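Here the structure comes first, spelled out in structure tokens, and everything after it is commentary.
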Amino acid sequence: MIQGRVEPGVSPILPANGAPRPERPGDPCLLVVFGATGDLTKRKLLPALFNLRSMGLLPAESAVVAVVRKPLDDEAFRVEATEAIGRFATGPVDPAAWADFRARLHAVSGDLGLAATYRELADRLAILDSQLGTRGNVLFYLATPPEVFAPIVARLGEAGLTRAGEDRWRRVVVEKPFGRDLESAVALNRDLRATLREDQIFRIDHYLGKETVQNLLVFRFANGIFEPIWNRRYIDHVQITVAEELGVEGRGGYYDRAGVVRDMIQNHIFQLLALVAMEPPSTLAGEAVRDEKVKVLHAIRPSPPERLLATAVRGQYGAGFAGDHALPAYQAEPNVAPGSRTETFAALRVDVENWRWAGVPFYVRSGKRLRRRDTRIVIQFRRPPLLLFRDAGLADVEPNRLEILVQPEEAFAVTMKAKIPGPAIRLQEVTMSFSYRDFGPIAQATGYERLLYDCTVGDPTLFHRADMVEAAWRVVAPVLDLWGSLPPRDFPNYAAGTAGPAAADELVARDGRRWIDP
Ligand code: BG6
């Protein structure tokens with residue numbers, strides 16, 4: 001085991017991307033949350049903002065303004081928020097810290113379709129700005145259904161609220177889904193940019209807030225030993241798995257229109273893939289990193305339908321078990337259409353056709369109601385050129401691999417061969433690993449802290465850019481088109497609580513490979 005050592009004074013959420021960054025608080029600002037009575041705000045945003053404030057990264061010159069449809073005054077919102085923090089805080093809540101944060105919560109209620117609501121919001125923002133000295137900076141967070149992203153932004157623009165100035169910024173955060181196909185994504189980008197500049201739009205992806213994901217850049221570019229072998233000469237293939245134990249958790253209505261390709265692969269998984277496959281950026285500035293990531297997505301050639309029949313697998317779960325506990329079939333979940341053809345599992349072979357990766361398949365898979373929660377990236381290296389140790393059993397042993405465990409465990413592990421002590425030459429697979437646990441106790445976080453902080457300092461590195469969103473849709477469009485035109489014949493084809501459909505194993509077995517599972 002290699003032990004990690006944390007430099008004294010290094011905050012766990014800041015040293016990402018390898019960029020030494022002064023630990024300064026974010027800019028003074030007002031955070032305006034649309035959809036503030038929803039799940040996301042309660043579970044993630046309020047706890048994350050509270051954590052940031054407790055860490056001193058959200059300055060005293062700041063406040064949160066909830067914009068909600070239902071009648072709600074400041075006090076009522078504070079009561080709701082106190083209840084939410086009681087349930088979803090990531091650690092013990094210090095009463096004085098909460099009192100400080102609670103007093104920063106405000107609410108404006110009104111119909112989001114009416115100009116009057118935005119006028120009232122503008123008045124409230126002006127008052128809070130003069131009381132708190134937030135320097136005119138405002139972050140608008142759209143924690144709303146995607147249908148209202150564009151109308152809200154248009155109304156904000158009409159009310160003059162998105163106008164940035166020389167010394168004040170205005171930024172808008174949008175949550176996925178960024179469209180449901182290429183056309184709607186292009187339309188959404190166009191609508192947002194009718195009011196906003198691209199550098200004002202922060203398309204958030206909570207996977208990029210995960211520690212191990214942020215560490216990928218550090219791992220690749222702050223260490224000299226991996227980059228020289230990070231290419232088709234040494235790497236056989238790459239696997240990216242995002243397996244969930246959970247089902248659709250009361251989101252059947254949304255999920256049944258989405259499916260796993262739209263929900264996970266087009267966004268989270270392609271972001272992981274881009275981080276693994278990108279060229280070293282010239283700097284760690286946001287645009288340089290994003291330029292390299294989008295090149296990867298452009299290098300994935302969309303496959304013709306006849307090829308997809310062999311390289312794309314879909315599945316849907318039927319009833320099953322987690323231990324003794326019976327699990328319902330997907331089609332029995334609330335708000336899922338009977339006879340639904342929505343895929344809850346997908347596995348794809350993706351080919352990145354550039355100089356570095358030609359001939360190296362990237363196998364990606366994700367699904368709900370699988371045996372265990374496990375997000376991991378596997379870099380499988382090639383076999384050594386000569387099997388000198390065949391008699392010692394090497395021919396049967398897997399070649400080296402690097403596993404990047406994202407969750408629930410957070411670790412890096414290299415699997416190698418070692419000689420078993422003794423007079424005969426006998427080999428065994430051993431692992432050299434580093435686990436985040438080796439850093440010692442790290443403050444629990446929601447995963448949104450880093451991303452929200454980056455919004456308040458204007459760092460777009462960990463956010464999707466319009467061209468990335470569109471490039472990713474271009475890759476999955478043929479898959480969605482094919483599946484849309486060819487109804488699945490075997491759904492449900494895996495039982496809840498299992499490893500997914502057998503066809504996913506066949507997908508890699510056809511290429512002489514197998515999935516690496518915990
Ligand atoms: C969300 C998806 O983006 O990510 C959910 O909409 C999914 O369906 C979730 O469950 C998974 O996130 P995490 O952080 O729990 O892996």
Selection from region 309-325 of residues that are part of a strand (DSSP E or B) and more than 29 Å from Ala472 (Cα to Cα): Gly318, Gly320, Phe321, Ala322, His325
Meets criteria (farther than 22 Å from Gly447 by Cβ, within 16 Å of the ligand (Cβ to nearest atom) and either of a type in the set (D, E, K, R) or modelled with pLDDT under 95 (or both)) for Arg180: yes
Those residues of region 289-306 which are modelled with pLDDT under 95 and either surrounded by fewer than 19 Cβ atoms within 10 Å (Cβ to Cβ) or in contact with a strand residue (DSSP E or B) (Cβ under 7 Å, 6 or more places away or on another chain) (or both), in sequence order: Arg301, Pro302, Pro304, Pro305, Glu306
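Given the criteria of a type in the set (Gly, Ala, Ser), within 28 Å of Leu216 (Cβ to Cβ) and assigned to a helix (DSSP H, G or I), does Ala288 qualify?
Yes.
Glu343 - would you say it is acidic (Asp, Glu), at pLDDT 95 or above and in contact with a strand residue (DSSP E or B) (Cβ under 6 Å, 6 or more places away or on another chain)?
In short, yes.
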Condition met for Gly160 (in a loop (DSSP other than H, G, I, E, B), among the small types (Gly, Ala, Ser) and over 20 Å from the mean Cα position of the chain (by Cα)): yes
Condition met for Arg87 (touching a helix residue (DSSP H, G or I) at 6+ places or on another chain (Cβ under 6 Å) and surrounded by fewer than 16 Cβ atoms within 10 Å (Cβ to Cβ)): no
Residue list for region 252-262, filter: within 10 Å of the ligand (Cβ to nearest atom) and either touching a residue at least 40 places away in the same chain (Cβ under 8 Å) or in contact with a strand residue (DSSP E or B) (Cβ under 8 Å, 6 or more places away or on another chain) (or both): Tyr255, Ala258, Val260, Arg262
Test: residue in region 246-260 that is at pLDDT 95 or above and within 24 Å of Asp454 (Cβ to Cβ): no
Candidates Val67, Val10 - the one that is at pLDDT 95 or above and β-branched (Val, Ile, Thr): Val67
Subset of region 197-227 (residues that are away from the ligand (no atom under 16 Å from the Cβ) and part of a loop (DSSP other than H, G, I, E, B)): Arg197, Ala222, Asn223, Gly224, Ile225, Phe226
Residues (away from the ligand (no atom under 16 Å from the Cβ) and either touching a Leu at 6+ places or on another chain (Cβ under 6 Å) or assigned to a helix (DSSP H, G or I) (or both)) located in region 228-251: Pro228, Ile229
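So, in region 193-236, exactly how many residues are among the small types (Gly, Ala, Ser), surrounded by fewer than 16 Cβ atoms within 10 Å (Cβ to Cβ) and closer than 19 Å to Leu462 by Cβ?
Let us first name the residues in region 193-236 that are among the small types (Gly, Ala, Ser), namely 194, 209, 222, 224.
From what is left, the residues that are surrounded by fewer than 16 Cβ atoms within 10 Å (Cβ to Cβ) are 194, 222, 224.
If we keep only those that are closer than 19 Å to Leu462 by Cβ too, we end up with 222.
Result for region 193-236: 1.
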Residues (surrounded by 19 or more Cβ atoms within 10 Å (Cβ to Cβ) and more than 16 Å from the ligand (Cβ to nearest atom)) located in region 444-467: Tyr453, Asp454, Cys455, Thr456, Asp459, Pro460, Thr461, Arg465, Ala466
Complete set of residues in region 372-428 that are of a type in the set (Ser, Thr, Tyr) and within 16 Å of the ligand (Cβ to nearest atom): Thr375
Residue in region 326-339 that is farther than 20 Å from Leu486 by Cβ, away from the ligand (no atom under 16 Å from the Cβ) and either β-branched (Val, Ile, Thr) or part of a helix (DSSP H, G or I) (or both) present: yes
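Among the residues of region 482-497, write down those that are touching a residue at least 40 places away in the same chain (Cβ under 8 Å) and either in contact with an Asp or Glu (Cβ under 6 Å, 6 or more places away or on another chain) or more than 10 Å from Gly315 (Cβ to Cβ) (or both). Quick ask: steps written out before the conclusion?
Within region 482-497, the subset touching a residue at least 40 places away in the same chain (Cβ under 8 Å) is 482-483, 487-488, 491-497.
Selection gives Leu482, Trp483, Pro487, Ala495, Ala496, Gly497.
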Failed condition for Thr283, given (1) in a strand (DSSP E or B); (2) more than 15 Å from the ligand (Cβ to nearest atom): (1)
Contacts under 9 angstrom Cβ, first residue in region 405-426 being under 19 Å from Ala243 (Cβ atoms), partner part of a strand (DSSP E or B) and basic (Lys, Arg), 6 or more apart: Leu405/Arg376; Val406/Arg376; Gln407/Arg376; Glu409/Arg376; Ala413/Arg401
Per-region count, region 497-518, residues assigned to a loop (DSSP other than H, G, I, E, B) and over 16 Å from Gly259 (Cα atoms): 11
Single condition Ala413 does not satisfy, out of (1) part of a loop (DSSP other than H, G, I, E, B); (2) more than 20 Å from the chain's Cα centre (by Cα): (1)
So Thr375, is it in a strand (DSSP E or B), without any contact (Cβ under 8 Å) to a residue 24 or more places away in the chain and in contact with a Ser or Thr (Cβ under 8 Å, 6 or more places away or on another chain): no
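The values are calculated or read from the model by the stated rules, or taken from the named source; none is laboratory data. Quick caveat, the model's predicted, so the values are computed rather than measured. Positions of Cβ are generated from backbone atoms using ideal geometry, with glycine treated the same way; all protein chains shown enter the neighbour counts.
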